[in-house]
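Here's the structure, in structure tokens; my notes come after.
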């Protein structure tokens, strides 16, 4: 018989890929906390045991062995409550892939159920079809205090045929599960952040709860993993689709909710730019921590990109852990150095100055005979950028700093950047932020106080690699370029449609599309950076270099 | 009624991704040639219309539009023979992915059949599950002169349940097709080269022909596309599984065979190292041609890696199109410069000399205050490599050369290389060749005449970045290291099993496994290079950087 009350705990934790001891310890700690709080059911994120995404590590036998052992160890720690936690588990059948993306239910010291994710996202940044054998329907229904609790994993609920115009998969696990007469639907996930996705996710989940007339509680991963940042934002919906509880975003969180009728916490929802800022800070602090870096170094030019990167780095790591390097060159303006110094003072970061002139002269000396007469401007512009890259890498090699590259999405899209120069680094923090959004971020950071010098925000952007150079010499205004990139890259629109959407000429749209294509070789070699838009360069956008498709 | 004779033409062509005009023209030219030769059926490779692999280009509407138009254009050019050619075609159903990996049959000016690939490889370098909707069985049977001709595409035949220990897919398209009473089975493919794969492919196809008692004719792609090189090696098998005709490998080829009982050409099969050499030459010449490069530049150190790379580049592009750059530094030996000059003379390539000393001194001058006292050796070693990288990139920027990086798989595996230094370049030609195999290649190249100086082959390998440095100061002997890498990377074996396989100590195996993991961040930023082993670094090996899995 169904008990009148079920207390569900949501343990929104930050896991580390491959850290079986650390992840297990965290799961057990939160599980015990939930039991102390009287919870009947505790939810953890997708693949909590192994971290997400484990990628090709799941092809290692020893990785799967560790996952099995940790899964059992955690099960043995369970007490009165049912713990539901994700783990990569072996497929013991004689055909198909080796591994399931599983959710394990355990209670009173032993495993009591196992669910295999059915819909495996294989697009954009996701490669789950590469690794996992899909589960077969109709899914797992746990019995907890008489409640019938149906389990899904992340993508399983992203195929609602009444919500999407064109569902990607034939099966609809939600509809099949709903037919099983549920009292509660729980979804454990690792759904990465992108700008505004939280709203879509809530709208979709609310719709599912309403349509199936079953309350829905989700537990999403939080934390940064290479190019992905997970926002958490776990939430509970009642059977009318109303949000009745939710986690704080971009941090670990724990809460409980009593069903039916109870309420969980409802932290205020931040606006998009505030959320973006927190996403970037989390991405960087987790990347550094999970790779073992404690300090970062970056070139500080006096411009907006390095200023925003430095400000975010100071937030993520602490100002005292960030070293700025001003590297004035032959075409740097006086104002640039002044603005760089001003920024460092405002942020409280250390700044050192290393002039590139002597190295540049030495390069010109040894390359002169080979370069010969003729136009050396592009080669010499790149040289200046590469000297700066080598200086930062030198400091990294000498002191173990993480090098932050400071390129934005707009310049990376059209190749207005130097491979091994300003593109050099271990983490490309704002590589998925279009220039216009970099400005928005700067203004948002300055709302509290003028952290970024007003002059840096006000002046016209310049690479300062030749006399009086301005970005606008070579690029259309960012207010036109950014919507074009969004149309061509994020939406994969044809040139004509992109031009129309961005209110640009077809000629310009075609030129930009070609520049984007032509510069794929540079992006292939860029460091990882956090994806925050619908389509980031990097893992989620896989283009050939040698191709002749002409738009 | 089945006619007594069917003439099948195999058009093993080299396509370019996205080059719809060029690929179409080539298909039509070979199709007409086949008709002139009296063929009844002409086979072209998988995705011949678009090139393979088109990757995320298939997400562009305009790309699919072009593919449809080219497919129709080609169909209109057909005459008396049935042409069978691959193309990415739209899925017009209301669920599922947008695109099929299709084979189109056309005859007498119109399309007469369409088959959709059922098994979509989604592992290693393959991402077909990301792009394509799988076809549904039981497949296409063409009627040509009364013959019943069954069609499969590449992976469809790689799931024979009697051949593989653990089939990856539940369906077996070959078994289903065989049940349809065929007279002939044709397979169009884009099956990339790896060392020794040709033998496996033939053995497997022979087995299928024998098991189904149906002759099998395959048409495989040839050519290089970024990190993949396709060897062609198309072949015909009679119903007993015997090879009765085959294409030349690593080049375009055209032949016909009369069924039943006829014979096609049977070019001699090359040994593995000879095949490897041709694979690398084709990979580079196609990469350069398809990207629009006519000349290449590389650093020539006097060592074995740059010597082999230079020799292959001279074969691929012509000696007069290759520029070697000797960049002696403070720790270069006299012998190195002599060996570099000797190599250039033997190859007939141009050599220039650019000393790095003045630039190195300038860097030390500006970095000295920041470096301070203490151990600057690793930082300064990397600086020397980065100066060389910047010089090559400078020449590339100035003259439009393709920069060839010269790192081998062994050093890239353990991170014995400098990011933005010796790793810099547009194409990493020998990045998937273990050091011991580099030596085998060198000896093979020298079989004809001493192209590579004997001294270069004989001397102990050294990076020459500090006084009297030898690789063996930091690395185990390559005869041990290479089998360890093979066990850990190519086979994903656990440390203990890897140690046993490579006859190394567990301690060494563990240390090497950790070095491989720790250096993932460098490999993430390396240029593409041709995959030639079972597991190449790059697109086919997707590892997290920030992870804590400890072997």
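For region A:512-530, which positions are touching a strand residue (DSSP E or B) at 6+ places or on another chain (Cβ under 6 Å) and more than 9 Å from chain B (Cβ to nearest Cβ)?
Within region A:512-530, A:529, A:530 qualify.
Which residues, counting only those in region A:345-368, are at the interface with chain B (Cβ under 8 Å from one of its Cβ atoms) and assigned to a helix (DSSP H, G or I)?
A:358, A:359, A:361, A:362, A:363, A:365, A:366, A:367
Checking residue B:444 against (1) more than 14 Å from chain A (Cβ to nearest Cβ); (2) crowded, with 24+ Cβ neighbours inside 10 Å, which test does it fail?
(2)
Among the candidates A:275, A:318, A:264, which residue alone is at negative phi, at pLDDT 95 or above and either surrounded by fewer than 18 Cβ atoms within 10 Å (Cβ to Cβ) or in contact with a helix residue (DSSP H, G or I) (Cβ under 8 Å, 6 or more places away or on another chain) (or both)?
None of the others qualify; the one that does is A:275.
Which one is nearest to the other protein chains (Cβ to nearest Cβ) among residues in region B:234-249 that are touching a residue at least 40 places away in the same chain (Cβ under 8 Å) and touching a helix residue (DSSP H, G or I) at 6+ places or on another chain (Cβ under 7 Å)?
B:249
Name the residue, out of A:152, A:122, that is touching a helix residue (DSSP H, G or I) at 6+ places or on another chain (Cβ under 9 Å), within 10 Å of another protein chain (Cβ to nearest Cβ) and buried (at least 22 other Cβ atoms within 10 Å of the Cβ).
A:122
Scan region A:27-47 residue by residue and report those that are touching a strand residue (DSSP E or B) at 6+ places or on another chain (Cβ under 8 Å) and assigned to a helix (DSSP H, G or I).
Scanning region A:27-47 gives A:27, A:30, A:31, A:33, A:34, A:35.
Go through the residues of region A:71-90 one by one and say whether even a single one is assigned to a helix (DSSP H, G or I) and buried (at least 23 other Cβ atoms within 10 Å of the Cβ).
Yes; the residues of region A:71-90 include at least one that is assigned to a helix (DSSP H, G or I) and buried (at least 23 other Cβ atoms within 10 Å of the Cβ).
Tally the residues that are assigned to a loop (DSSP other than H, G, I, E, B) and at pLDDT 95 or above, restricting the search to region A:183-207.
6
List, please: which pairs have Cβ atoms under 9 Å, are six or more places apart or on different chains, and start with a residue in region B:18-30 that is more than 14 Å from every other protein chain (Cβ to nearest Cβ) and end with one that is surrounded by fewer than 20 Cβ atoms within 10 Å (Cβ to Cβ) and part of a helix (DSSP H, G or I)?
B:27/B:77; B:28/B:73; B:28/B:77
So is residue A:119 over 23 Å from residue A:62 (Cα atoms) and under 30 Å from the mean Cα position of the chain (by Cα) or not?
In short, yes.
Which residues, counting only those in region A:125-149, are within 11 Å of chain B (Cβ to nearest Cβ), assigned to a loop (DSSP other than H, G, I, E, B) and either within 21 Å of residue A:70 (Cβ to Cβ) or at pLDDT below 95 (or both)?
A:133, A:136
Scan region B:91-112 residue by residue and report those that are more than 14 Å from chain A (Cβ to nearest Cβ) and either on the phi < 0 side of the Ramachandran plot or crowded, with 18+ Cβ neighbours inside 10 Å (or both).
B:100, B:101, B:102, B:103, B:104, B:105, B:106, B:107, B:110, B:111, B:112
Quick check: anything in region B:153-161 farther than 25 Å from residue B:55 by Cα, within 30 Å of the chain's Cα centre (by Cα) and at pLDDT 90 or above?
Scanning region B:153-161, I find no residue that is farther than 25 Å from residue B:55 by Cα, within 30 Å of the chain's Cα centre (by Cα) and at pLDDT 90 or above, so the answer is no.
Can you confirm whether residue A:509 is facing chain B (nearest Cβ under 10 Å), modelled with pLDDT of 95 or more and farther than 20 Å from residue A:427 by Cα?
No: the conditions fail for residue A:509.
Where residues in region B:207-224 are more than 26 Å from residue B:261 (Cα to Cα) and touching a helix residue (DSSP H, G or I) at 6+ places or on another chain (Cβ under 7 Å), which of them is nearest to the other protein chains (Cβ to nearest Cβ)?
Looking at residues that are more than 26 Å from residue B:261 (Cα to Cα) and touching a helix residue (DSSP H, G or I) at 6+ places or on another chain (Cβ under 7 Å), I get B:224.
When region A:369-379 is examined, which residues are found to be more than 7 Å from chain B (Cβ to nearest Cβ) and free of Cβ contacts under 8 Å to residues at least 24 places away in the same chain?
Of everything in region A:369-379, those that are more than 7 Å from chain B (Cβ to nearest Cβ) and free of Cβ contacts under 8 Å to residues at least 24 places away in the same chain turn out to be A:369, A:372, A:373, A:374, A:375.
Within region A:511-544, how many residues are under 28 Å from residue A:273 (Cα atoms), surrounded by 24 or more Cβ atoms within 10 Å (Cβ to Cβ) and over 20 Å from the mean Cα position of the chain (by Cα)?
Residues that pass the stated criteria total 2.
Of all residues in region B:196-233, which are more than 22 Å from residue B:125 (Cβ to Cβ) and in contact (Cβ under 8 Å) with a residue 60 or more places away in the chain?
Hits for region B:196-233 are B:214, B:217.
Could you list, in sequence order, the residues of region B:208-245 that are surrounded by fewer than 22 Cβ atoms within 10 Å (Cβ to Cβ) and in a helix (DSSP H, G or I)?
Result: B:210, B:211, B:212.
Restricting to region A:174-191, name every residue that is within 14 Å of chain B (Cβ to nearest Cβ) and closer than 21 Å to residue A:44 by Cβ.
Matches in region A:174-191: A:190 only.
What is the one condition in (1) at the interface with chain B (Cβ under 10 Å from one of its Cβ atoms); (2) in a helix (DSSP H, G or I); (3) under 30 Å from residue A:294 (Cβ atoms); (4) out of contact with any helix residue (DSSP H, G or I) (no Cβ under 6 Å at 6 or more places or on another chain) that residue A:388 does not satisfy?
Among (1) at the interface with chain B (Cβ under 10 Å from one of its Cβ atoms); (2) in a helix (DSSP H, G or I); (3) under 30 Å from residue A:294 (Cβ atoms); (4) out of contact with any helix residue (DSSP H, G or I) (no Cβ under 6 Å at 6 or more places or on another chain), the lone unmet condition for residue A:388 is (1).
Within region B:1-23, how many residues are over 21 Å from the mean Cα position of the chain (by Cα) and either part of a loop (DSSP other than H, G, I, E, B) or buried (at least 21 other Cβ atoms within 10 Å of the Cβ) (or both)?
10
Which of the residues belonging to region B:391-411 are under 27 Å from residue B:364 (Cα atoms), in a helix (DSSP H, G or I) and touching a residue at least 24 places away in the same chain (Cβ under 8 Å)?
Passing the criteria: B:391, B:392, B:393, B:395, B:396, B:411.
Which of the residues that make up region A:325-339 are touching a helix residue (DSSP H, G or I) at 6+ places or on another chain (Cβ under 8 Å), crowded, with 16+ Cβ neighbours inside 10 Å and part of a helix (DSSP H, G or I)?
Of everything in region A:325-339, just one residue is touching a helix residue (DSSP H, G or I) at 6+ places or on another chain (Cβ under 8 Å), crowded, with 16+ Cβ neighbours inside 10 Å and part of a helix (DSSP H, G or I), namely A:339.
The values are calculated or read from the model by the stated rules, or taken from the named source; none is laboratory data. Because the structure is predicted, anything quoted here is derived from the model rather than measured. Using ideal geometry, Cβ is built from the backbone for each residue, glycine included, and neighbour counts are taken over all protein chains shown.
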